[in-house]
Amino acid sequence: MLQIRLRRILTDKGHSAEITNKPTRVDDMRFFDVLIVHSSYRITNLAGFIENLVLKDAIPVIFLSMNPQSGFLPKLNRYPGFAAIDEMKMEAELPISISLFEKFRKQTGALKQENLDLRSKAENERIFRECKEYLISTGLSEAEAHRQIQKAAMDSKTNKYVTAARILREKPGNS
């Protein structure tokens, strides 16, 4: 009965679902957008399993129960990858929780990409600055060092950061 209700709720909102009573391996979580676990799911150390997934930010977890605020769950409620839903209210709360998880995943994905971009930019700037310092140590002025990197970049048809890294790799004493 619960599986039928879950499938209906999910498909009515345009979500696909794979419903099983068998244990799911942590490695298989990458194939899913959200994991819905019912309190009747019998697995050794269910609380530890859920907590591990939530704390590692492996996959958003929705815990369905007749009494979702009992036991181990209250400490997980502060994590954005966890929701405890009363089984009697799941028709209303489940679609909202899934939508919020999707929105959160998109936002965190964008932030992670922005973080990577900023780290890459900072690393490029560090390399460029280090290359200019090296060229200045050879007797060039800062402006001359800058121009030399730009000219070498244009000649090699690469950007100034790739060129600066190449100059540093080719400097005497580097192997």
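The values are calculated or read from the model by the stated rules, or taken from the named source; none is laboratory data. Worth saying up front: this structure is predicted, and the values here are computed from it rather than measured. Virtual Cβ from ideal backbone geometry, glycine too; neighbours counted across all protein chains shown.
Determine whether the range 105-118 contains at least one residue that is closer than 30 Å to Leu10 by Cα, in contact (Cβ under 8 Å) with a residue 40 or more places away in the chain and part of a helix (DSSP H, G or I).
yes
Only one of Arg126, Arg105 is out of contact with any helix residue (DSSP H, G or I) (no Cβ under 7 Å at 6 or more places or on another chain) and modelled with pLDDT of 95 or more. Can you tell me which?
Of Arg126, Arg105, the one residue that is out of contact with any helix residue (DSSP H, G or I) (no Cβ under 7 Å at 6 or more places or on another chain) and modelled with pLDDT of 95 or more is Arg126.
Per-residue answers, yes or no, for (1) assigned by TED's automatic domain parsing to the domain that holds Arg7; (2) modelled with pLDDT of 80 or more; (3) assigned to a loop (DSSP other than H, G, I, E, B); (4) more than 17 Å from Met1 (Cα to Cα):
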residue: Asn21; (1), (2), (3), (4): yes, no, yes, no
residue: Ile36; (1), (2), (3), (4): yes, yes, no, no
residue: Thr44; (1), (2), (3), (4): yes, no, yes, yes
residue: Phe49; (1), (2), (3), (4): yes, yes, no, yes
residue: Ile59; (1), (2), (3), (4): yes, yes, yes, yes
residue: Met88; (1), (2), (3), (4): yes, yes, no, no
residue: Ala92; (1), (2), (3), (4): yes, yes, no, yes
residue: Pro95; (1), (2), (3), (4): yes, yes, no, yes
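Would you check if there is a residue in the range 101-110 being more than 25 Å from Asp28 (Cβ to Cβ) and either over 18 Å from the mean Cα position of the chain (by Cα) or of a type in the set (Ser, Thr, Tyr) (or both)?
Checking the range 101-110: not a single residue is more than 25 Å from Asp28 (Cβ to Cβ) and either over 18 Å from the mean Cα position of the chain (by Cα) or of a type in the set (Ser, Thr, Tyr) (or both).
Checking the structure you have, find out if any residue of the range 68-81 is part of a helix (DSSP H, G or I), assigned by TED's automatic domain parsing to the domain that holds Phe31, closer than 30 Å to Thr11 by Cα and in contact (Cβ under 8 Å) with a residue 40 or more places away in the chain.
No: the range 68-81 contains no residue that is part of a helix (DSSP H, G or I), assigned by TED's automatic domain parsing to the domain that holds Phe31, closer than 30 Å to Thr11 by Cα and in contact (Cβ under 8 Å) with a residue 40 or more places away in the chain.
Take the residues in the range 153-175 that are small (Gly, Ala, Ser) and buried (at least 17 other Cβ atoms within 10 Å of the Cβ); name whichever of them is farthest from Glu123 (Cα to Cα).
Checked the range 153-175; the qualifying residue farthest from Glu123 (Cα to Cα) is Ala153.
Condition test on Asp57, is it of a type in the set (D, E, K, R) and within 16 Å of the chain's Cα centre (by Cα)?
Yes, satisfied.
Can you name the number of the only condition in (1) aliphatic (A, V, I, L, M); (2) loosely packed, with under 14 Cβ neighbours inside 10 Å; (3) in contact (Cβ under 8 Å) with a residue 24 or more places away in the chain that Ala92 fails?
It is condition (3) that Ala92 fails.
Assess whether Ile149 counts as being in contact with a helix residue (DSSP H, G or I) (Cβ under 9 Å, 6 or more places away or on another chain), assigned to a helix (DSSP H, G or I) and outside the structural domain of Ile62 (by TED's automatic domain parsing).
Yes, satisfied.
Within the range 119-146, can you find the residues that are over 12 Å from Ala164 (Cβ atoms) and either hydrophobic (A, V, I, L, M, F, W, C) or outside any helix (DSSP H, G or I) (or both)?
Within the range 119-146, Ala122, Ile136, Thr138, Gly139, Leu140, Ser141, Ala143 qualify.
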